[in-house]
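The values are calculated or read from the model by the stated rules, or taken from the named source; none is laboratory data. It should be emphasised that the depicted structure is a prediction, and the values quoted were computed from it without experimental measurement. Glycine also receives a Cβ, built like all others from the backbone with ideal geometry; neighbour counts cover every protein chain displayed. We work out accessible area using only protein heavy atoms, side chains counted, and drop any ligands, DNA or RNA first. Shrake-Rupley method; radii C 1.70, N 1.55, O 1.52, S 1.80 Å.
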Amino acid sequence: MSASFQAILWNKQKKWYDIVFISAILLYLITYFTINILLFPTLTFETMLIRSFGTLAIIMLHVILSIGPLSRLNSKFLVLLYNRRHLGVTMFLMASVHAFFSILQFHGNGNLHPLISLFVSNTHYNSFIYFPFQTLGFVAYLILMLMAFTSHDFWLSVLSPRIWKTLHLLVYLAYGLLILHILLGVLQLESAPIYFVMLLLGVLWLGILHVYAAYKEYRFDNRQKTEVEGWIKVAAVTEIDNNKAKMIFANGERIAVFKYDNKISAVHNVCKHQNGPLGEGKIIDGCITCPWHGYQYEPANGCAPAPFTEKIATYHTKIIDNIVWIDPHPLPEGTFIAPTIIPNIAYMEPALITKEQPFYIGWQPVANKVFSIFAKKASVVIVCIILLCVLIISFNQSHIATSYFADNATKFEGQLIANPFPALRTVQGKDIYGNPIVKTYPLFNTWKFGAVNAVEFFMKRHGKDPLVQIEGVLLESDGVQLLQLSNGELSIACGNTHSHTEKDSICCSPKYNASHEAILLNSDKAPISSLLTNTYIPVPNIRYIGKVALTGEIIDPKCYFGAMNPGFGKPHRSCAIRCIEGGIMPMLHYKDANGKNAYVVIIEENGEKINTKIGYAVAEPVTLTGKLFTIDNWKVLKVTIPNDLVRLTVKQ
């Protein structure tokens, strides 16, 4: 106890408590990063941060919520309870890292403020399976933040114990929201049964633990009582240990009846600090000492010793024939009641032989040896559980693609096109017949923006479909390559497509008949014979395949092919929407006739921008029906939204 508020009232026990759990946290994080770097070298660092701190926070929350009922069932767990707020605030800090990087990764650097994006990107509030899980996590985080900011005793004093306790019981609401956050989020992607089993075991553990502790309390409160003329029988004097109490439930309240210095006194059982059970405490230095945090009260008047001002109710007691009786009607808090003196005849009765139980006081410099040994054993068990969790979590991850996101920008030369999507057409050698092999790289800008504006801005100055040199960062996965402009429109400059002769250098003029654009956008057929061929960069090889219906998932290609890993599925939905609405061309990932991954760029039939129309169906199973074309090494699907799009989960 302290007569004034301090940030932390340090003692040796608190220091060791913090050292142990901080060491466990570091062990978890180091183990997680080491395993994941070795197993999944292409897993992005941001994803590792989000997953490691998120899993650590939920494990810590389970430990924190276990301490309370365990302390009710076994007093040895009080050694973990006393400084539990340190553990709670640290858990909030771990959750903060997870929340910060999640919002930054999935909602930041886009066309909306991250917090606005959090609530409007995924609007499937009428669906359970596709409910916006990030909203649930954000609300839970606000609750944890409120609890962390008000955890100090200063706020307990300002708010009053009742309001403070009620506020901190919101942790159970936060826990429920976080369970839904996990079930409707990452477990929609990571489908290994062990994750669901772990989460279920955690929920069952906490549920059974709390129910069992509550059941024991219920049985205690509903024991049959003997009442005579308004007085309730407590116990024989010899059944109450010296400096300890017997508790009884009467008039809807628990009363603690203490025996000390050959006297009997009774007080209200609830501590004014955090509603701790005074009846499980002990008389130390003449004061009732709460087993939770060591708050003290004088047994005769229920007043905390000066300079403290807390008061609790007192009760009348009497002894008849060695039996302690109590009047269950409380007196005003702080009322002095002369203790009932125990008559000598009471000790003529055979005394119960009871072993002195150790008592834990957290504000003392050193804990009782029994509690110290137990704390060490409990720490070892908790660390083993944490290590087991990190191993299970790490080794059962799936959907980690073998992707590549270059660290440095590289210069590429080719032909810049804006339709049907921004891209760079390059010559990759010649085929066996001596014809140039053209490879097209879709372009996008930095962060969550497409390259349309940059390409159109450049073409206004240099003409349509010019030959350029681009400085970009290469993304590659599943045999697909894309380019990110390293510095927006400043990444594009006039250049040469190859170096046959000096006369070809520094040329921005298109080298082919641009009528291919009209063929792609306005015709059901694209006869190759009508496309004029150029010596340097041939016209796009456009071929109409036919009308098809493809089933798969709409993705944003930048994240999917390497900017994030994994970069698809419901956990990535909000980010994909921001990327697509920011101008990155949407693609459909589907399986071809051979069961292999296939990708097609989605464009609007009438040439309108599709990016703002398709967001509602991103990252979920859909069927798209449209006209399929190929252009160079890419497939393009022309559709009309929403007529040609069917959401396969719309009934859920």
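Points to keep in mind about this one:
- Scanning the range 50-58 turns up no residue that is at negative phi, surrounded by fewer than 19 Cβ atoms within 10 Å (Cβ to Cβ), touching a residue at least 12 places away in the same chain (Cβ under 8 Å) and in a helix (DSSP H, G or I).
- Residues (open to solvent by less than 60 Å² (accessible area, probe 1.4 Å) and closer than 24 Å to R578 by Cβ) located in the range 425-462: Y441, P442, L443, F444, N445, T446, K448, G450, A451, V452, A454, V455
- For the range 288-342, filtering for residues that are basic (K, R) and within 30 Å of P69 (Cα to Cα) leaves 1.
- The set of residues in the range 466-475 being touching a residue at least 60 places away in the same chain (Cβ under 8 Å) and either part of a loop (DSSP other than H, G, I, E, B) or touching a Lys or Arg at 6+ places or on another chain (Cβ under 9 Å) (or both) consists of L467, E471, G472, L475.
Yes/no matrix, rows are residues, columns are (1) under 26 Å from S151 (Cβ atoms); (2) open to solvent by 10 Å² or more (accessible area, probe 1.4 Å); (3) not basic (K, R):
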{"site": "I255", "(1), (2), (3)": "no, no, yes"}
{"site": "P291", "(1), (2), (3)": "yes, no, yes"}
{"site": "Y297", "(1), (2), (3)": "yes, no, yes"}
{"site": "T309", "(1), (2), (3)": "yes, yes, yes"}
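- Test: residue in the range 128-145 that is under 18 Å from G68 (Cβ atoms) and modelled with pLDDT of 90 or more: yes
- R72, sole failed condition from (1) over 29 Å from L201 (Cβ atoms); (2) basic (K, R); (3) open to solvent by 40 Å² or more (accessible area, probe 1.4 Å): (1)
- Matching option when the condition is part of a loop (DSSP other than H, G, I, E, B), over 26 Å from M60 (Cβ atoms) and at pLDDT below 75, among A367, A346, A401, A351: A351
- Of all residues making up the range 405-424, the number that are under 33 Å from the mean Cα position of the chain (by Cα), surrounded by fewer than 14 Cβ atoms within 10 Å (Cβ to Cβ) and not polar (S, T, N, Q): 1
- Qualifying residue in the range 266-282 (condition: modelled with pLDDT of 90 or more and more than 26 Å from L80 (Cα to Cα)): yes
- The single condition among (1) more than 45 Å from the chain's Cα centre (by Cα); (2) within 13 Å of C494 (Cα to Cα); (3) surrounded by fewer than 23 Cβ atoms within 10 Å (Cβ to Cβ) that E471 does not satisfy is (1).
- Of L180, L156, L187, all but one fail to be of a type in the set (A, V, I, L, M) and open to solvent by 60 Å² or more (accessible area, probe 1.4 Å); the exception is L180.
- Among the candidates F92, F106, residue that is in a helix (DSSP H, G or I), in contact with a Pro (Cβ under 9 Å, 6 or more places away or on another chain) and either among the acidic types (D, E) or surrounded by 14 or more Cβ atoms within 10 Å (Cβ to Cβ) (or both): F106
- The set of residues from the range 478-494 being open to solvent by 10 Å² or more (accessible area, probe 1.4 Å) and either closer than 21 Å to Y404 by Cβ or of a type in the set (S, T, N, Q) (or both) comprises D478, G479, V480, Q481, Q484, S486, N487.
- Criterion (exposed (fewer than 14 other Cβ atoms within 10 Å of the Cβ) and over 30 Å from S52 (Cβ atoms)) met by exactly one of V228, V234, V197: V228
- Scanning the range 565-606 for residues that are under 17 Å from V120 (Cβ atoms), among the β-branched types (V, I, T) and in contact (Cβ under 8 Å) with a residue 60 or more places away in the chain yields one hit, I577.
- Each residue in the range 583-602 was checked for being of a type in the set (G, A, S) and either crowded, with 21+ Cβ neighbours inside 10 Å or in a strand (DSSP E or B) (or both), and 1 pass.
- Residue in the range 572-582 that is among the polar types (S, T, N, Q), under 30 Å from E46 (Cβ atoms) and buried (at least 23 other Cβ atoms within 10 Å of the Cβ) present: yes
- Verdict on L167 being in contact with a helix residue (DSSP H, G or I) (Cβ under 6 Å, 6 or more places away or on another chain), at pLDDT 90 or above and not charged (D, E, K, R): no
- Of residues in the range 237-253 being in a loop (DSSP other than H, G, I, E, B) and in contact with a strand residue (DSSP E or B) (Cβ under 8 Å, 6 or more places away or on another chain), the one most open to solvent (accessible area, probe 1.4 Å): N242
- Residues that are open to solvent by 60 Å² or more (accessible area, probe 1.4 Å), charged (D, E, K, R) and either in contact with a strand residue (DSSP E or B) (Cβ under 6 Å, 6 or more places away or on another chain) or part of a loop (DSSP other than H, G, I, E, B) (or both) within the range 207-225 comprise R223, K225, listed in sequence order.
- Residues satisfying the stated conditions in the range 159-177, i.e. closer than 21 Å to V63 by Cα and open to solvent by 60 Å² or more (accessible area, probe 1.4 Å): T166, L169, L170, Y172, L173
- Here L80 meets the list (1) more than 24 Å from the chain's Cα centre (by Cα); (2) part of a loop (DSSP other than H, G, I, E, B); (3) hydrophobic (A, V, I, L, M, F, W, C) almost entirely, failing just condition (2).
- Count of the range 126-175 residues which are under 27 Å from H273 (Cβ atoms) and either small (G, A, S) or not in a helix (DSSP H, G or I) (or both): 10
- Subset of the range 40-49 that is in contact (Cβ under 8 Å) with a residue 40 or more places away in the chain and assigned to a helix (DSSP H, G or I) - its residue that is most open to solvent (accessible area, probe 1.4 Å): E46
- Qualifying positions in the range 606-652 - open to solvent by less than 50 Å² (accessible area, probe 1.4 Å), of a type outside the set (G, A, S) and in a loop (DSSP other than H, G, I, E, B): I610, N611, I614, E620, D632, T640, I641, D644, T649
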